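In what follows, a single structure is set out as structure tokens and then discussed.
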Amino acid sequence: MAVLAPFFEPILWATTLAILFQPVQRMLLKKLGERFTLAALCTLLIILITVIVPALFISVAVAREGIALYQAIASGEIDISGPLTWAQSMWPSLMERGEGLGINLEEIKQKLSTSALQGSQWVASHIFTFGQNTLRFAIMFFLMLYLLFFFLRDGKQIIDTIIKVLPIGDERERHLLAKFAEVSRATIKGTLVVGMVQGILGGIVFAFLGIESAVFWAVVMTLLSILPAVGAAIVWLPAAIYLIANGMLLQGLFLIAFGALVIGMVDNVLRPILVGRDTKMPDYLILLSTLGGLALIGISGFVLGPVIAAFFLAIWAMFAEEYNTNE
């Protein structure tokens, strides 16, 4: 296991994509007359076109906009404390009352500017670090594609081998692996697809309103969509307040309405359709597993954390079912 540890991410990504696109692989197998190699190549091509290439383009755009955002905040072109200044001018008596309670607005302004600068600096530094590790990323990327091809082509044989080796009974093992695949698909669709839809809608409305770094903020909203109740609102609501504070009242109100009625409703409408009732992972477990995955393995943890949690749930359900049966 220690030998494979450095390749944990490409192995897990290849496994996850193979599970997600297993229905596509099966459909192509039927149409291509059970030619496994050709079906695997076609499925791999579909994954490249629909998932990997768009993800690479988005990553480049996020890197470029992240650096531009850092430079704009550092130069003072973007004033994060602007809404507080606007609030002071709009409600001076309320601000004075706050100061009477010991709230130092100037100190808050300074902290906001410092926090924004540090946050954007963190993003920029990680982007530069990623650029320095381009060779490592390329190796891991092609290794993932290589493994993915074999997982797609030889998936059935690999599963049969695993079932033969594991000592807990063939029927239980097949049930466990089937449950894992089912919960993984449902969880990824419910987490990633819902987050992407919210991020895309947020990015479109940001671009429409002329807010800078729309792609960057779209990705941030996608990541924040895992947070229950608030989610993407952590981004679009302050942006709306910023617009209003800078004299763009109609744009700010439009963003609030769009965020509450469209972006906010995506989770309630799409998640039940994509996930379903039987395979739904609790929101708190999705949150904890995603945050744990992000802390442990970086950005890949946004997807892989919930997948690992899904595997845990599948094992838990198997043992619970076995225990009830024995009773």
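Brief remarks on what is shown
Matching residues to (1) over 18 Å from the mean Cα position of the chain (by Cα); (2) touching a residue at least 24 places away in the same chain (Cβ under 8 Å); (3) over 22 Å from Leu270 (Cβ atoms):
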| residue | (1), (2), (3) |
| --- | --- |
| Phe151 | yes, yes, yes |
| Lys164 | yes, no, yes |
| Lys179 | yes, yes, yes |
| Val183 | no, yes, no |
| Glu212 | yes, yes, yes |
| Ala233 | no, yes, no |
| Asn246 | yes, yes, yes |
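- Every test in (1) at pLDDT 85 or above; (2) farther than 24 Å from Leu177 by Cα; (3) among the small types (Gly, Ala, Ser) is passed by Ala68 save one, and that test is (1).
- So Ile49, is it surrounded by fewer than 16 Cβ atoms within 10 Å (Cβ to Cβ) and not in a loop (DSSP other than H, G, I, E, B): yes
- Qualifying residue in region 132-143 (condition: modelled with pLDDT under 70, more than 20 Å from Val51 (Cα to Cα) and either surrounded by 13 or more Cβ atoms within 10 Å (Cβ to Cβ) or under 23 Å from the mean Cα position of the chain (by Cα) (or both)): yes
- Number of the exception - Arg174 against (1) within 19 Å of Ser59 (Cα to Cα); (2) at pLDDT below 80; (3) out of contact with any Ser or Thr (no Cβ under 9 Å at 6 or more places or on another chain); (4) not assigned by TED's automatic domain parsing to the domain that holds Leu41: (1)
The values are calculated or read from the model by the stated rules, or taken from the named source; none is laboratory data. Since the model is a prediction, treat every value here as computed from it, not as a measurement. Glycine also receives a Cβ, built like all others from the backbone with ideal geometry; neighbour counts cover every protein chain displayed.
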